[in-house]
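In what follows, a single structure is set out as structure tokens and then discussed.
FYI, it's all coordinate maths here, none of it is from the lab. Because the structure is predicted, anything quoted here is derived from the model rather than measured. Counting neighbours? That spans all protein chains shown, and the Cβs are built from the backbone with ideal geometry, glycine included.
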Amino acid sequence: MRWRKKYLEVKKMIDLSVLSQVGKLRQMQKQMAKKKLVIEDKGIRVIVNGKQEIEELSFEKGTGADQIKKLINKAFNQLKKEMAEDLMGGVSS
């Protein structure tokens, strides 16, 4: 019977630890959703957020679709990189 009591104590500690980590991850997720990244190049401006949505896109008349697509992809790639760095920093603390 002693081992069962000890097992239940350890299980409860592990469960609480997991719940604590889940809570931290949810908090980080909310913070990351608020993140914004602005990238400008050759008359194109794009703003993306942590929910991986385009908030703003502006460009000069005559700008090619390829240029726009490249800058949008660059913005999302940079955002993913920054969010991964934030996540690694948040998990280790």
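At a glance:
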read-out	value
Tilt relative to the chain, helix 65-92 - C-alpha long axis, 0 to 90 degrees, to 10	20 degrees
Burial order of peptide ranges 64-71, 2-9 (average beta-carbon count within 10 Å, highest first)	64-71, 2-9
More than 18 Å apart - percent of Cα-Cα pairs taken over the chain	60 percent
For peptides 51-62, 74-85, sequence by mean Cβ density within 10 Å, most packed first	74-85, 51-62
Region 46-89: C-alpha gyration tensor shape, a/c 1.5 cut-off, then a/b vs b/c	prolate
16 Å cut-off, amide nitrogen to a point 7 angstrom out along Gln67 Cα→Cβ, residues in region 43-60	43-46, 57-60
